[in-house]
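Trainee: The structure's right below; bear with me while I get my questions together.
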Amino acid sequence: MPAGPPVSPALAELATRLRELRERHGGDVKLTQAALATALADGERLSSATVSSWESSVSPKLAPADRLRAYARFFATPRSVEGAEPRLLPLGDLSEEEE
């Protein structure tokens, strides 16, 4: 089976960082790709398979800019994983430091 096109080092590094953020952010709470997809969806459809494609170490896909901004907002605060379900806080709810 022929190998696919080479993955750019920057894209591979981004995929690794996105995966690390998810795996380390929850503290005692295991943050799954499905739970993160639900939180980042913010009223739109987003599947865990899509999140998985952004975190792939083999053939990562580049997340759209609006999703990367949502990642930044989600991981800017531990409050994203407080409560029953992970959630994306409204931008106006972030402190100056979080923003």
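Trainee: Tally time: how many residues in the stretch 11-32 are part of a helix (DSSP H, G or I) and either among the β-branched types (Val, Ile, Thr) or surrounded by 15 or more Cβ atoms within 10 Å (Cβ to Cβ) (or both)?
Mentor: Looking only at that region, the number is 10.
Trainee: Find the residue count for the stretch 38-80, including only residues that are part of a loop (DSSP other than H, G, I, E, B) and closer than 24 Å to Ala10 by Cβ.
Mentor: Of the residues in the stretch 38-80, 11 are part of a loop (DSSP other than H, G, I, E, B) and closer than 24 Å to Ala10 by Cβ.
Trainee: On the basis of being open to solvent by less than 60 Å² (accessible area, probe 1.4 Å) and of a type in the set (Gly, Ala, Ser), does Ser95 make the cut?
Mentor: It is true that Ser95 is open to solvent by less than 60 Å² (accessible area, probe 1.4 Å) and of a type in the set (Gly, Ala, Ser).
Trainee: Any idea which of (1) in contact with a Pro (Cβ under 7 Å, 6 or more places away or on another chain); (2) part of a loop (DSSP other than H, G, I, E, B) is the one Ala35 doesn't satisfy?
Mentor: Failed condition: (2).
The values are calculated or read from the model by the stated rules, or taken from the named source; none is laboratory data. From a predicted model like this one, the values you see are computed outputs, not experimental measurements. So basically every Cβ, Gly included, is an ideal-geometry build from the backbone, and we count neighbours across all protein chains shown. Ligands, DNA and RNA are excluded from the accessible area calculation, which covers all protein heavy atoms including side chains. Shrake-Rupley method; radii C 1.70, N 1.55, O 1.52, S 1.80 Å.
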